[in-house]
Structure formats: C-alpha cells, structure tokens
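Beneath this line is the structure, given in structure tokens, with notes to follow.
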Amino acid sequence: MSGYDGRAGHDGRGGHEDQDGRGGREDVGERTFAGLPPAPGRAFAQTWWGRAWLTALEDGALDGAQVKAGRRLARAGAVGAVSVRPGRVTAVVRDRDRTAHRADVLLDVLTDVQWDRFLDLAGERSGHVAALLDRDMPPHLVEDAGAAGVNLLPALGDLEAECDCGAWDHCGHTAAVCYQVARLLDQDPFVLLLLRGRPEAVLLSDLQARGSAAAVVREAERAEGVDAAEAYAAGSILPPLPAAPGLPQEAGRLPSLDTDAPVPAGLDPAALEILAAVTAVEARLMLAQALREDAGRGAAVAGRWTLSQDAVRLAAGVLGCRPEVDGPMAAVIGRLAAGSGRDRERLASAVRAWTYGGAHALSVLEEEWAVGGEVLARARAALDSAWEADERPVLRVCGNRWTAVGTGVQLRLGRDGRWWPYREEGGHWAPAGEAAEDPATAWATVWTGDTEEASS
C-alpha cells in the first residue's frame, strides 16, 4: 500500500520496547488483506468476537453520525487493502467523491508479561489451541485471560483513531476501517492476536516450545464437540436466544394421502393418516402442558388408557387435524364412536374435552362424583371469594358440578383440585376451555355477560 513503508511503528504500539514497558518483540510481522467486496444487506460481524470489536467502536465513538457514515462506506466497498500489524490497522478509504484518505486504528499491544500469562492459559487446555487453529475464539479463554489482566478484545475507548482528514476522534474513514476489520476477525481471530502484538507463527512456536501445542499441531483429526465449560461461558457473551413461539391455535394440518399413486401392499393410508394426526395433536398437548405455569399437574400425554379413552385419543387426532372428515376417514370415526360406546355427537364432545386436557379432562366430562370433607370446604371457600357479594351468581350444585343459574355457565371440579369451565350448547354441557387453579379464572374463560345473570 502506498503512503507508508510497512514497518512497525516506534510509538509504543509497534512492538518495540518503549519507556513505559509496553511492547513486544522485533519479529512482529505484518499481514495485508485485499479490499473486500461491498456488503449490502448483511451484518458486518457474525461471530461474538467480531461483535465485541464493533461494540467497542460504536459505544466509544463520540459522534454516532460518523460511525454510521463509516458503516455506509464499508458497506459500499470503499475500504481498500487493510494492513494489520501490532498496535495498528491501516487502510485507504475513499469518500463518495473518490477522495482518498489514509485511516489508522490503534490498539495497545500486550506486554511480554501479559503474553506469558496468555500462553500459560492457552496451553492449559489443548482445546483452546485447537479452537484457534480452527479459526474460532474460545470464550472461556477470553474470560480467563481477562481475569488474569490480559484483555484481548478492546473495551470502551480502546480503539484510537488517526486520519489525514484531520478529525481528532473517530471519523467516517476510521469507522469504515473498523467495520472492515470486523469482517476480517470473523474469518480469522489471529488477526486480533497480531494486532495485540504476536503473529500466528510466533504464537504457535511459543506454545510448542512450552510443550502445550505440540500434540494439537500434529493431530490430524480432533474430536467433535465443544468443551462444556466453554459452551457455558459463551452464554454470558452470545446474544440471548429468541423467545419461544407461543402455543398454536390448533394442531398442524396434515397433507392428504389420497392420491392417484398405487398403495403399497400392506399399507393402510387411512391408518397412517390417523397415526400422523394423533402425533400432531399430542405434540400440541405436550407443548400446552409445558407452557402452563403449573406444568406437571395436568393430564399425562402418554400412559395406559382404557379402550374408551384410546378411542377418543385416536379420534382427536383425526378430527383435530382435518377441517373435513369424509370417505375412509369418516368410516374410521364411525368405528371409533361405536367401539367407544358413544354416538358421534358424544364422541365429538369427548374429543373436545381431550384436546383441552387429555384423560383428566375426559373424566371431568363423563364422571360425576360426590365432593365432601376438606375438598368441599376448600371448594366453597374458593367459590365465595370468586365474586364480589353483589355480583355472585346463584349456584346450583350437583356432585362436583356448580351451575350458575340463568347464565349457561357451569364449573366442574376435577379430582386434581382444578376447575374446568363448561358452556351450555344445544341443551348439553360442553367443555369450554382448559382447567384453572381457581373458579374465578375458569369463570372468566367462558363468561361473556351476554345472558341475564341471576342475582344472589
């Protein structure tokens, strides 16, 4: 590159010893990287160490507008060849009017004492050296080095700027160089180590002389996987995982197997569709239980069911994953209804209960039991506290079922102590939602206020 002679500087950042003890070795080395192509529509840093480099720039620069200008220049491919040597990065950056500016970004090199500490830490685990050779920066190594006073990554204010445009802080030209360096760091973390004072060959030679890296350098293949401690350490450095998706309104719909292709011998397409549909419904039920705050108390997804329960489970898979059931599937539903001792209407109601809570919800639909003792006392106390005195409906109780007179709403107490909302539909009580820990919540699930509520 024109404009400088490529030699290490003598300002305490170039690798020669100076009065304050900063500096390193005479064999400092230098690497020059060809200009990278424009980077439209992509992030400049893909790795965690590349993002840390940019954070030091973006949080430390005094003028955010200059940082944005630099990002635009780098994205447009305005940064030429980049020279990296201990303590300094240099490149020529062209403005939109094609005016060329030499821009330098400076970072303190590590002292010999600091390098000795780093080499000791890197040599403690062969996985550290292997990761570096694989062009990966182990987060555990960076954290341990920082705790020992060896800061590999720049912190706030560590990236200093020099530019022939006359700016005294980061300008668009030096910021553009920083963004380009982030792309180089993504490809090779040894660029950072060179900037801190040691080229790759020197580092590996020092490690091998200590007997730390010999086995790793000779190793043709290394074991797959990531060191557990490094994976755990990365949790505090990497960005957080995205939020988990919410519960889908219904199980996934399956494609029809009713095609013109010949059916292989021994395969029943309708039975295969049922198995796939049941799997989708049960997967949704498992997710619903996992997302509930009281996960673990609800109905079990898998277990030993009676023939009647298993028929409902299979029917839920069919009815829950198809908007319309006809042909062979309709015949299957008819067989399931007959085999379970229900007509189609009762089977549909049972399926509805199953989708809300599996076998527990089905038992609440079809079993009435007498509530007494402490269970009854707790139920009455919960019901008394569910409404204000002037809003409490008249409740008619029959076993574990409390019907709010004149509202079309019923609450049922399950044997597990949870409350299930029911709504009157066509002269029958139908399940209307998932269970709740208290009757007030279950009531809110189904009560709309559209019917005339009786006063107490």
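The values are calculated or read from the model by the stated rules, or taken from the named source; none is laboratory data. Note that the structure is predicted; figures quoted are calculated from it, not measured. As a convention, Cβ positions derive from the backbone with ideal geometry for all residues, glycine included, and neighbour counts pool all protein chains shown. Side chains are part of the model used for accessible areas, which takes the heavy atoms of the whole protein and leaves out ligands, DNA and RNA. Shrake-Rupley method; radii C 1.70, N 1.55, O 1.52, S 1.80 Å.
Things to note:
- Apportionment of accessible area to carbon and sulfur, region 109-164, percent (1.4 Å): 44
- Once the Cα-Cα distance is subtracted from the 0.36 nm per residue extended length, the Asp59 to Arg96 segment shows a gain of 10.8 nm.
- Label-point separation, Arg396 to Ser205 (7 Å along Cα→Cβ), nm: 9.6
- Using a probe of 1.4 Å on the protein chains alone, the accessible area found for Arg125 is around 80 Å².
- For region 350-372 versus region 393-453, the inter-centroid distance based on Cα atoms is 13 Å.
- Here Tyr356 sits with roughly 60 square angstrom of accessible surface, probe radius 1.4 Å.
- Globularity ratio of region 124-168, using Cα Rg and 2.2 N^0.38 Å: 1.66
- Contour excess over end-to-end distance, with Cα ends at Val263 and Leu376 and 0.36 nm allotted per residue: 34.9 nm
- In Hz, Karplus ³J(HN,Hα) per residue of region 187-197 (6.51, -1.76, 1.60; θ = phi - 60°; x = Gly, Pro): 7, 7, x, 5, 4, 5, 5, 5, 4, 7, x
- Net length available on complete extension from Ala338 to Thr441 is 33.5 nm, with 0.36 nm assigned per residue and the Cα-Cα distance removed.
- Prolate/oblate/rounded call for region 36-159, Cα gyration tensor, a/c under 1.5 rounded: prolate
- If you take the Cα centroid of region 118-133 and the Cα centroid of region 172-213, the two points sit 14 Å apart.
- Ordered from highest to lowest accessible area with the whole protein assembly present and a 1.4 Å probe, Trp429, Trp48 read as Trp429, Trp48.
- Exposure check, 1.4 Å probe, all protein chains in place: Val278 carries approximately 10 Å² of accessible surface.
- Surface exposure of region 107-184, expressed per residue as accessible area with a 1.4 Å probe, stands at 37 Å².
- Fraction of alpha-carbon pairs over 15 Å apart in region 330-373 - percent: 48
- Amide H contacts of Asp164: Arg102, each under 5 Å away and 5 or more positions distant or on a separate chain (H built 1.01 Å from N in the peptide plane; Pro and chain starts excluded).
- For region 131-138, 3J(HN,Hα) per residue [Karplus equation, 6.51 cos²θ - 1.76 cosθ + 1.60, θ = phi - 60°, Hz, x = Gly/Pro]: 5, 4, 5, 8, 6, 10, 9, x
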